[in-house]
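**Student:** Sharing a structure, written as structure tokens. Questions coming.
The values are calculated or read from the model by the stated rules, or taken from the named source; none is laboratory data. Keep in mind that what you see is a predicted model, and the values were worked out from it rather than measured. Note that each Cβ is placed from the backbone with ideal geometry, even for glycine, and that neighbours are counted across all protein chains shown. When the accessible area is computed, the model is the full protein with side chains, heavy atoms only, and any ligands, DNA or RNA have been set aside. Shrake-Rupley method; radii C 1.70, N 1.55, O 1.52, S 1.80 Å.
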Amino acid sequence: MSVAAETAPQLTLRAILLSIVLVVILAAANTYLGLFAGMTIASAIPAAVVSMAVLRLLGGGGILENNIVQTGASAGSSIASGVIFTIPALVILGYWQEFEYQWVFAIAGLGGLLGVIFSVPLRRSLIVDQGLAFPEGKAAAEVLKTGENPKEGLKTLGIASLFGGFAKLGAASGLRLFPDAAASATWVGKGIAYMGTNLSPALLGVGYIVGLNIGIVVLLGGVIGWNIAIPVYSTFFLDTDPALAAEIAKASAEDAAGMIWNAQIRYLGVGAMLIGGFWTLISLRKSLLAGIKSGFAATRAGAGAVIAHTERDIPMKYIAIGLVLFTLPLLWLYQGIVQQWSASIPMTLIMIVAGFLFVSVSAYMAGLVGSSNNPVSGITICTILFAALILVWLLGRDSSIGAVAAIMIGAVVCCAACIGGDNLQDLKCGYIVGATPWKQQLMLGIGAVSSALVMAPVLNLLLHAYGIGTPTAEHPNALLAPQANLMASVAKGIFGGELPWTTIGIGAGIGAVIIAVDSWLKASGKKFRVPVLACAIGIYLPIELMVPIFLGGLLSHFVEKHFGGAKNEEHHGQIHRKGMLFAAGLITGEALMGIFIAIPIVVTGKGDVLALPASLHFGGWLGLALLAWIAWLLYRFATKPDAQVAAQ
């Protein structure tokens, strides 16, 4: 290790401040995206590009300083994922009327810090000894090492953000130049034929990032729910629910499809996600044991002398102190909910044990398949189910607070698991570029706390402007928060709630079939896979959200074909770098505009405060034309000649 590398600045004040600014932006953007579409995106590469451009303007900025910025900034998307998958369930359950700042901050911040602590012992085993891939970490390191032209990258991000923001401003919550979706439905006998697409460029960007395989699978889920299950239910089973049948008799075909989906069909997705969560644990049993073994082995090895700065983790004595300091406030919070030490202490123990177990799983899976494919929602489902069953024994099935207590445990574990996987991706990047691990771990803790500080205000803004959960007359276009809705349904169902268990059971059967097909594809060595949780999300959400995701994946495929296909993972990353930046810009621009639009809506109390006169509402054709144009721009930017790609 050279002296220059050892003395290069890393944890500088300007790097910390820039990282915090990016944390706030990325946390807000991913909060909106996750509540809207049930997906979040990894943000390390956009953060690295912005960091290189900004620090260069400020004079300098080496690879290690830029690495610190992207390390902290990526915590924003991780904490956002942990929060939106769980905490909105407390509003959906009716426990909160709005998001309480101190509770959200405590759960997100302490959960994130525990995720950092639990993942520290895993670094040496998973990154150094086992050498797992950690694809996003490798991609971020590639961007930092090659010193990709930050001006060009920032320009791409900026242009795409403007397009994404303009599209959101022109849609139904803004100027109302065009609606949020273009859909059509008609009665076919007693059945309903339905098809539509959302007009969101952000979803197009999500599709580009996740790729064609996932795009096909989520659309398949939408087809199962909307083009198979809804027509079957309306034809053969609608008479079993007279109240629903009476409402549908007065509704249009499009409204009738939405009513059936809301009352019954979305619970097919709940069943599929439940079986997917259990299958996640079963299929990961070896990974789980390996991750836990790595944690204990690394802890025992921690006493050895470490000299190189590239091998210096946060010392284990500080890890132990932090574990105590961050756990005690959670014990106090849990006691404040259940008012019984006989329940709050077991809740805390479950949280600690499940937190360490699932941070190990999350870190291991992030190393194998990447953070974007990490099944954290499945992990959280299992945590909430296990916690709920224990709490039924402690509090009774009729407990009014049992479901809330289970969600609180799952929320902390989910935040910890999200940060755990992200931490190891960042540490892999740092390992490649020669960074100091303890400085990255400290920066990730700062990023987690900074993100937690803004989560409640962002959530409340979105809640009051758009609504969260099931659409209502006041908020007909509510952000659906699919994972949080699922967590609320599971917890409520355990504690005496009424759920359509027959539909959930059928969904579990569908999930089992999907698992069997995926297992066959894996055994056959096929590249195409059918991950059950992705298909379940497609069943659970409106099909119009899945269509642009599929189209974005199709664009990604065409871009790869343009370059003659990817020869390996590194070449794949180089092929898609420009397109990924443009896609990330579309997502960020639309999400931030959605948050900005929410401000005047909340201040005035009027959902149409920005709407133009009705004569300027042009209908779905304008939105379709704009989406097609943005898709063309994405393809053009993604296929710009690149010297590195050409050299492969």
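**Student:** So which residues in segment 517-529 are exposed (fewer than 12 other Cβ atoms within 10 Å of the Cβ) and of a type outside the set (Lys, Arg)?
**Tutor:** Trp520, Ala523, Ser524, Gly525, Phe528
**Student:** Which one of Gly153, Gly165 is at pLDDT 85 or above and at negative phi?
**Tutor:** Among Gly153, Gly165, only Gly165 is at pLDDT 85 or above and at negative phi.
**Student:** Pick from Met351, Met347: which is modelled with pLDDT of 85 or more, open to solvent by less than 20 Å² (accessible area, probe 1.4 Å) and closer than 17 Å to Phe495 by Cα? If you could, list the steps in order and put the result at the bottom.
**Tutor:** Numbers: Met351 fails: closer than 17 Å to Phe495 by Cα.
The unique qualifying residue is Met347.
**Student:** Okay, next question. If only one of Gly207, Gly221 is within 28 Å of the chain's Cα centre (by Cα), crowded, with 23+ Cβ neighbours inside 10 Å and at pLDDT 90 or above, which one is it?
**Tutor:** When all the criteria are applied, what remains is Gly221.
**Student:** Could you check Leu203 against (1) without any contact (Cβ under 8 Å) to a residue 60 or more places away in the chain; (2) within 30 Å of Pro641 (Cβ to Cβ) and say which number it fails?
**Tutor:** (1)
**Student:** Within the bounds of segment 367-375, is there any residue that is at positive phi and either part of a helix (DSSP H, G or I) or at pLDDT 75 or above (or both)?
**Tutor:** For segment 367-375, residues at positive phi and either part of a helix (DSSP H, G or I) or at pLDDT 75 or above (or both): absent.
**Student:** Can you name the helices (runs of 4 or more DSSP H) wholly within segment 188-288 that have at least 2 residues being aromatic (Phe, Trp, Tyr)? Don't jump to the end; show me each part of the working.
**Tutor:** Details: elements: 201-222, 242-249, 253-260, 266-283.
Because the criterion is at least 2 residues that are aromatic (Phe, Trp, Tyr), the helices (runs of 4 or more DSSP H) in segment 188-288 that meet it are 266-283.
**Student:** Going through segment 505-514 one residue at a time, which ones are surrounded by fewer than 22 Cβ atoms within 10 Å (Cβ to Cβ) and not small (Gly, Ala, Ser)?
**Tutor:** Residues of segment 505-514 that are surrounded by fewer than 22 Cβ atoms within 10 Å (Cβ to Cβ), as a first pass: 505-506, 508-509, 512-513.
The answer is Ile506, Val513.
**Student:** Where in segment 1-118 are the helices (runs of 4 or more DSSP H), entirely inside, with at least 2 residues that are within 16 Å of the chain's Cα centre (by Cα), surrounded by 24 or more Cβ atoms within 10 Å (Cβ to Cβ) and of a type in the set (Val, Ile, Thr)?
**Tutor:** 13-37, 63-84
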